[in-house]
Amino acid sequence: MTGDGQNHFTSEIVKRTTVLNKPHNNPVKVIHFADLHLGMENYGRIDSKTGLNQRVVDFLKSFNFLASKAIEENVALVVFAGDAFRNQKPNPTLQREFARIIRRLLKEDIKVLLLVGNHDLPNMDKHANSMAVYSALEIDGVYVANKADLLLIETKHGPVQVATLPHFSRSQITAYLKEHDIESKGKTLSELNDLMERTVEGFVKGLASRVDKSLPAILVAHISVSSATVGNEARSILMGNELTVLPSVLQQPEFDYVALGHIHKFQDLSNGNYPHLVYSGSIDRVDFSEEKEEKGFCLVSLARGKTTYKFIQTPARRFVTIDIECKSEDPTAEICSICEKTNLEDSVVRVRARIPARMKDQIRKTEILGALSHAYYVAYINIEAVGEQVRTRNPNLTESQTPIGALSEYIKTREDLLERKEELLAYGQKLMDELMQRKI
């Protein structure tokens, strides 16, 4: 393990000077979770008791629930599959709250493996990742994995082998290929993707070849698998920023469980084969794209050749969308009636109503907000006028405007897009940059 923030690709198996416990006949209990993204503050307000944004409190509540379950179940090892914080520079308060829960686990002799995900990586190679402080302090029982490695971790229930595959960006893989004199220039996108996938497969098989088959082994990876169902992550995948691999690349027979991070939806991609190939998903909801997803973590019964697991849901904040097709002569009353009848307790809610264009001026948003007063947070109320109407040109849109400027003006007219304005503009700028490079 290294604490300098550099994301090395491979290393030799870690040598331990301590005498390992002999393997137990009983399974080793392990918790697998991922994508905490502590620091997300969408749809939150300041909590008066803690001084934290309420959404941060939500995520900490789910994290503490996980820790309590680990203690209750006498878990020996917790593996975290990447993306601890919203970005690579968490503020001291977020670091403190994260450390408090890690300490809860360590006090119960529960070992913790922290894998570096894409949100944990620094912008510059020489800078530290968001969890590097644990390596720097050499905290006993905490392992920070920022390279392809094979660790032998002694737990209170016996030794466990953990192979680690942190997030590798396309640029990092390209640099690795160049360093090893593997030609990548002049290849088509498809050829380059195949080459990168084979490179990652080489890492995984190299780790698998060093597994002691008498001991249980886990592969922990922060990566996109081609067969996974994705949500918000699809944006970067579709734009070609993500390296994706086939399930067979990771599902090597030397491993007893493959713990995945990066995709926020819980799913098992094993297709009936061994070992289980599982995205635990995130432990709380980030936005409305995750409204219908179950949130939680996996409690794994790890045993050589016969590992099983179960998914445990966390008390994640509910997100509720109310879609209404207004047909009455008083659309406000119709919307209010439906809102009042919907269970919105402790929920983040959005309303999307379609009304006849001739009635748009009759909408009374103050009354609708009153009908939503039993919700935790109202994200937005979007009223779409349908039918005959006169469309007026936005006076702020001109032919001399840049594409990004035009996109910014358009977003201002869409209340449902305002929450994602910065993200959409960033992607728009990236597309424009790529188009300009192609012209050159």
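From Val133, Val160, Val144, which residue is among the hydrophobic types (A, V, I, L, M, F, W, C), outside any strand (DSSP E or B) and on the phi < 0 side of the Ramachandran plot?
Among Val133, Val160, Val144, only Val133 is among the hydrophobic types (A, V, I, L, M, F, W, C), outside any strand (DSSP E or B) and on the phi < 0 side of the Ramachandran plot.
Does Asp346 satisfy being farther than 30 Å from Ser408 by Cβ and touching a Phe, Trp or Tyr at 6+ places or on another chain (Cβ under 6 Å)?
Values: farther than 30 Å from Ser408 by Cβ: yes; touching a Phe, Trp or Tyr at 6+ places or on another chain (Cβ under 6 Å): yes.
Against the criterion (farther than 30 Å from Ser408 by Cβ and touching a Phe, Trp or Tyr at 6+ places or on another chain (Cβ under 6 Å)), Asp346 qualifies.
Quick one: Ala76 ticks every box in (1) modelled with pLDDT of 95 or more; (2) more than 19 Å from Tyr309 (Cβ to Cβ); (3) of a type outside the set (S, T, N, Q) bar one, so which box is it?
(2)
Return yes or no: is Phe319 surrounded by 18 or more Cβ atoms within 10 Å (Cβ to Cβ) and closer than 30 Å to Leu417 by Cβ?
Yes.
Can you name the strands (runs of 3 or more DSSP E) wholly within region 253-359 that have at least 1 residues being touching a residue at least 24 places away in the same chain (Cβ under 8 Å) and in contact with a Lys or Arg (Cβ under 7 Å, 6 or more places away or on another chain)?
Ranges flagged: 276-279, 296-302, 308-313, 318-325, 347-356.
Kindly indicate whether Arg352 is within 30 Å of Phe266 (Cα to Cα), of a type outside the set (S, T, N, Q) and surrounded by fewer than 17 Cβ atoms within 10 Å (Cβ to Cβ).
Here the answer is yes, as Arg352 does meet what is asked.
The values are calculated or read from the model by the stated rules, or taken from the named source; none is laboratory data. These figures come from a predicted structure and were not determined experimentally. Here Cβ is always computed from backbone atoms with ideal geometry, including for glycine, and neighbour counts include all displayed protein chains.
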